[in-house]
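The values are calculated or read from the model by the stated rules, or taken from the named source; none is laboratory data. Predicted, not measured: the structure shown is a model, and the values here were computed from it. Note that each Cβ is placed from the backbone with ideal geometry, even for glycine, and that neighbours are counted across all protein chains shown. Heavy atoms of the whole protein, side chains included, go into the accessibility calculation; ligands, DNA and RNA do not. Shrake-Rupley method; radii C 1.70, N 1.55, O 1.52, S 1.80 Å.
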Amino acid sequence: MVKVSKIILSILVLITLVSALMVLVTLPQYQLPSNKSFIILWVTPWGGTSNYSIPTWAIPGVVVWYQCNSPSASLSLVNQQVSLIQRYLSQNRTVFINLMCELPNEWRGLLNYITIPQYLLVDLMGIDPGGKNLYIGFSEESACVNDPACRAAMVGIYKEIKALFPEAGLFYYASLRDLPDNVLALANEANLTLV
């Protein structure tokens with residue numbers, strides 16, 4: 001039952017992310033198609049990552065799920081996803097990285113705190129120093145974005161990411177639970193590239 005639920009959740013997340021992240025953008029400095037819509041196809045860690053080929057007409061997106069309260073508990077999943085990021089980067093492609101700070105039994109949109117594992121940042125620096133071909137961000141961290149103290153912590157994480165990866169783009173993928181004014185505040189305070 002748990003395995004079926006995770007598969008259904010993976011499918012729903014993938015469908016939601018693919019349909020919602022068709023974005024119109026003009027950002028030639030980040031090697032995205034300028035003045036065109038583009039599609040991001042997301043690879044999630046819930047079904048294994050052994051052989052995911054993303055067609056050349058789409059931009060690869062990799063969901064990096066980690067346990068907020070114990071990041072080392074999700075080390076093997078994170079390592080799989082980092083290997084996948086490295087694979088797409090070795091193909092000279094831009095890669096979107098969706099950081100999912102979550103708990104095993106609680107949806108990330110309900111958490112009022114956020115963290116990022118330092119080992120993940122070190123691993124990413126090892127495969128794309130400067131972040132030239134990366135977009136890095138969070139998705140649907142609604143309770144955090146709607147809480148001023150947690151949002152400030154998230155802004156701090158975005159600033160840390162930007163300091164380590166000055167050439168990377170930063171994004172936030174909002175949900176209907178995110179209050180628009182709070183998303184705009186996050187975008188402005190963290191100097192996000194895409195929302």
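Residue count for region 153-195 under the criterion of being free of Cβ contacts under 8 Å to residues at least 12 places away in the same chain and more than 17 Å from P117 (Cβ to Cβ): the result is 5. Residue check: K6 meets all listed conditions (1) among the charged types (D, E, K, R); (2) open to solvent by 70 Å² or more (accessible area, probe 1.4 Å); (3) at pLDDT 75 or above but one, namely (3). Determine whether A190 is farther than 24 Å from P45 by Cβ, in contact with a helix residue (DSSP H, G or I) (Cβ under 6 Å, 6 or more places away or on another chain) and crowded, with 19+ Cβ neighbours inside 10 Å. Yes.
Based on what the data block shows, is S74 in a loop (DSSP other than H, G, I, E, B) and either at pLDDT below 90 or in contact with a strand residue (DSSP E or B) (Cβ under 6 Å, 6 or more places away or on another chain) (or both)? Criteria not met by S74. Candidates are the residues of region 173-187 that are touching a helix residue (DSSP H, G or I) at 6+ places or on another chain (Cβ under 6 Å) and either part of a loop (DSSP other than H, G, I, E, B) or among the aromatic types (F, W, Y) (or both); the one that is surrounded by the most Cβ atoms within 10 Å (Cβ to Cβ) is D178.
Within region 116-168, being open to solvent by 10 Å² or more (accessible area, probe 1.4 Å), closer than 28 Å to R93 by Cβ and touching a Cys at 6+ places or on another chain (Cβ under 8 Å) holds for one residue alone: I116. A single member of Q86, Q81 is in contact with a strand residue (DSSP E or B) (Cβ under 7 Å, 6 or more places away or on another chain), at pLDDT 90 or above and within 22 Å of G137 (Cβ to Cβ), and it is Q81. For region 83-92, state whether one or more residues are aliphatic (A, V, I, L, M) and surrounded by fewer than 20 Cβ atoms within 10 Å (Cβ to Cβ). Yes: region 83-92 contains one or more residues that are aliphatic (A, V, I, L, M) and surrounded by fewer than 20 Cβ atoms within 10 Å (Cβ to Cβ). On the stretch given as region 155-191, residues that are more than 18 Å from V122 (Cα to Cα) and more than 13 Å from the chain's Cα centre (by Cα) total 18.
Residue under question is N112, and the condition is that it be closer than 23 Å to A152 by Cα, in contact with an Asp or Glu (Cβ under 6 Å, 6 or more places away or on another chain) and open to solvent by 10 Å² or more (accessible area, probe 1.4 Å); does it hold? Yes. Checking each residue in region 92-149 for being touching a residue at least 40 places away in the same chain (Cβ under 8 Å), under 17 Å from A187 (Cβ atoms) and part of a loop (DSSP other than H, G, I, E, B) picks out I114, E141.
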